[in-house]
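These notes are about the structure you will find just below.
The values are calculated or read from the model by the stated rules, or taken from the named source; none is laboratory data. These numbers come from a predicted model, not from an experiment. Don't worry about glycine lacking a Cβ; one is built from the backbone with ideal geometry, like all the others, and counts go over all protein chains shown. Keep in mind that these areas ignore ligands, DNA and RNA; they rest on the heavy atoms of the full protein, side chains included. Shrake-Rupley method; radii C 1.70, N 1.55, O 1.52, S 1.80 Å.
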Amino acid sequence: MSPLELITDHTIQNVVIGAALLGLISGVLGSFAVLRKQSLLGDTMSHAALPGVCIGFIIAGAREMSFLLLGALTTGALAALVMLMLTRNSRLKTDAALGIALSTSFALGVVLLTHIQNQNNAAQGGLDAFLFGQAAATLRSDLWIMGGVTLVALALVGAFWKEFKLVSFDPQFAASLGMPVMWLEVLLTVMIALAVVVGLQMVGVVLMAAMIIAPAVAARQWSHRLESMVILAAVIGVAGGVFGALLSALSRGLATGPLIILSVSSVVLVSLLLAPGRGFVWEGIRLWQGRRRLRYQQVLTTLYRLALHHDDPTFRSEQGMLDTYHGHRTRAALRQLLKRGLVEWRSAPPEEPRGAKHWVLTPRGRDEAERILDSLGRGES
């Protein structure tokens with residue numbers, strides 16, 4: 001398709017706008033789920049939305065989007081509230097409660113979906129698309145519903161920003177200030193259910209959990225403040241949604257929902273690898289530098305102890321002896337010490353084999369070795 005055809009195509013416009021709305025609400029609300037260590041909450045509510053979709057279809061008798069989404073919101077929020085009730089009133093941990101709510105509600109949804117399909121009702125065509133999403137079926141009327149849900153969720157986040165922030169980081173302190181922590185958690189949970197409802201048409205029940213979590217996980221690697229994390233997660237969600245939708249439009253036959261998830265997940269992968277201060281690459285570099293620093297510090301203190309043992313500040317230590325003492329080649333460490341001016345190279349005495357290298361501490365090297373040993377002594381004490 002030419003760029004003009006891509007822009008003017010009505011179906012593609014609907015899909016791109018829907019994906020952008022999905023990325024926006026998922027990034028904002030998913031940030032709170034990640035910070036509250038409830039990453040599986042989105043998975044639970046997305047699977048719990050399936051029976052709501054089926055119940056909405058049974059009540060409406062047709063594939064009315066408003067009934068389907070209202071049913072999905074009801075059952076998704078109900079499953080999350082059951083999870084909260086189980087964790088507060090029993091000894092179950094959060095992961096166990098989430099697993100119970102997820103498996104039970106999804107099983108109920110599959111049973112209801114099978115029941116509807118066995119009724120030979122022509123109106124149920126495409127209902128099973130909610131499992132994996134059917135973005136191409138998004139209508140302009142659906143976008144108005146998705147936009148309204150997104151607007152309500154963002155308005156609530158803005159209105160209760162300070163409360164949500166405190167509950168996410170320190171619920172005990174929030175309770176000591178007299179805040180209704182339980183009701184705030186319920187409100188956050190219902191709002192995440194709203195995000196799930198927005199994404200059912202685009203990515204489906206199975207993949208919606210990744211859309212809730214992935215933008216927030218990627219943003220967390222780059223930010224240290226909640227404000228910047230939420231904004232960045234929203235940007236990543238919108239960008240990933242739009243890119244996946246356009247990629248699907250350009251590649252006929254590829255499903256939109258999975259491409260959106262893969263687009264956002266690629267940002268997560270890059271963030272985990274390259275985010276400054278937290279990425280695996282930088283962590284690996286820091287570990288390598290730390291090992292290198294430790295190795296030349298060990299060689300430096302060995303030279304210092306040998307000089308003390310022989311009561312000779314200019315004692316010559318043969319490199320082969322240092323290799324034997326440390327159990328590995330010390331040439332790289334000695335080159336690093338030489339570059340820093342902490343050691344000097346001396347030729348071998350006449351009585352030793354020619355070519356043997358000997359090393360002597362410089363005054364700077366002795367001072368540095370004493371500083372290292374003093375810091376180690378203070379650490380042990």
Open item on the list: Yes or no: the stretch 278-293 includes at least one residue that is within 24 Å of the chain's Cα centre (by Cα), part of a helix (DSSP H, G or I) and under 24 Å from L24 (Cβ atoms).
Closed with: no
TODO: Scan the helices (runs of 4 or more DSSP H) fully inside the stretch 1-69 and keep the ones with 3 or more residues being of a type in the set (V, I, T) and over 25 Å from R252 (Cβ atoms).
DONE: 10-35, 41-60
- [ ] Could you pull out the residue among L73, L78, L24 that is open to solvent by 20 Å² or more (accessible area, probe 1.4 Å) and either β-branched (V, I, T) or under 24 Å from the mean Cα position of the chain (by Cα) (or both)?
- [x] L24
TODO: Considering only residues that are farther than 30 Å from I212 by Cβ, acidic (D, E) and free of Cβ contacts under 8 Å to residues at least 24 places away in the same chain, look in the stretch 268-327 and name the one that is most open to solvent (accessible area, probe 1.4 Å).
DONE: D311
Task: Selection count, the stretch 243-265, where residues are over 30 Å from G158 (Cβ atoms) and under 15 Å from the mean Cα position of the chain (by Cα) - done: 1
Task: Test result for G240, under 16 Å from the mean Cα position of the chain (by Cα), open to solvent by less than 60 Å² (accessible area, probe 1.4 Å) and under 22 Å from D9 (Cβ atoms) - done: yes
TODO: Scan the stretch 48-66 and give yes if some residue there is touching a helix residue (DSSP H, G or I) at 6+ places or on another chain (Cβ under 9 Å), at pLDDT below 85 and crowded, with 24+ Cβ neighbours inside 10 Å, otherwise no.
DONE: no
- [ ] Among the candidates T189, T138, T150, single out the residue that is open to solvent by less than 60 Å² (accessible area, probe 1.4 Å), polar (S, T, N, Q), at pLDDT 85 or above and on the phi < 0 side of the Ramachandran plot.
- [x] T150
Task: Exclusive hit being assigned to a helix (DSSP H, G or I) and within 22 Å of A135 (Cβ to Cβ), set M182, M208 - done: M208
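Does the stretch 153-175 contain any residue that is over 20 Å from S228 (Cα atoms), touching a helix residue (DSSP H, G or I) at 6+ places or on another chain (Cβ under 8 Å) and not in a helix (DSSP H, G or I)?
No, the stretch 153-175 contains no residue that is over 20 Å from S228 (Cα atoms), touching a helix residue (DSSP H, G or I) at 6+ places or on another chain (Cβ under 8 Å) and not in a helix (DSSP H, G or I).
Quick check on G99: is it part of a helix (DSSP H, G or I), of a type outside the set (A, V, I, L, M), within 24 Å of the chain's Cα centre (by Cα) and surrounded by fewer than 21 Cβ atoms within 10 Å (Cβ to Cβ)?
It is true that G99 is part of a helix (DSSP H, G or I), of a type outside the set (A, V, I, L, M), within 24 Å of the chain's Cα centre (by Cα) and surrounded by fewer than 21 Cβ atoms within 10 Å (Cβ to Cβ).
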- [ ] Look through the stretch 348-369, keep the residues that are open to solvent by 70 Å² or more (accessible area, probe 1.4 Å) and modelled with pLDDT under 90, and return whichever of them is nearest to L300 (Cα to Cα).
- [x] K357
